[in-house]
Amino acid sequence: MEPIPAVLLGAVATGAGGGDGPDAWVALRALVRQASRRSGTAGDAALTALAQSPHDPVRAESLSQALAARAHMDPEFEAALTDWLHTWGAKTVLPDAEPDPAAGPVPGTADSRPPHARGHRG
């Protein structure tokens with residue numbers, strides 16, 4: 001498993017993702033703590049550190065590395081972390097993310113694309 005991008009972990013820690021952001025963090029925390037009871041505490045300290053300073057990219061990277069190391073050692077954790085990523089990763093709004101032009105305008109924002117790029121002719 002590739003490490004989870006630190007920017008995604010930072011965004012989840014700050015509650016990004018609209019209504020789902022806090023739920024993603026709670027789910028990640030529960031996953032790490034459940035695995036800790038089973039196989040040790042790898043990731044707990046990094047998770048706590050990021051919770052205390054969610055905008056710190058160094059702490060987010062530390063958590064990313066801790067999760068990757070644990071996933072490498074614990075196949076059950078790897079499967080659960082992969083499920084978490086598929087469930088929550090796409091719902092999390094990343095800071096400075098480029099909008100997907102195929103998805104159309106973000107609700108509540110002006111569409112600055114030229115008319116032909118918005119599917120209009122003329």
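What the table shows:
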quantity: Gain in span if fully extended, D23 to H55, counting 0.36 nm per residue against the direct Cα distance; calculated: 9.7 nm
quantity: Stretch gain in nm, segment A30-M73, where the contour uses 0.36 nm per residue and the Cα spacing is subtracted; calculated: 13.6 nm
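Every number in this text was worked out from the coordinates using simple rules, so none of it is lab data. Given the structure is predicted, the values throughout are model-derived calculations rather than measurements.
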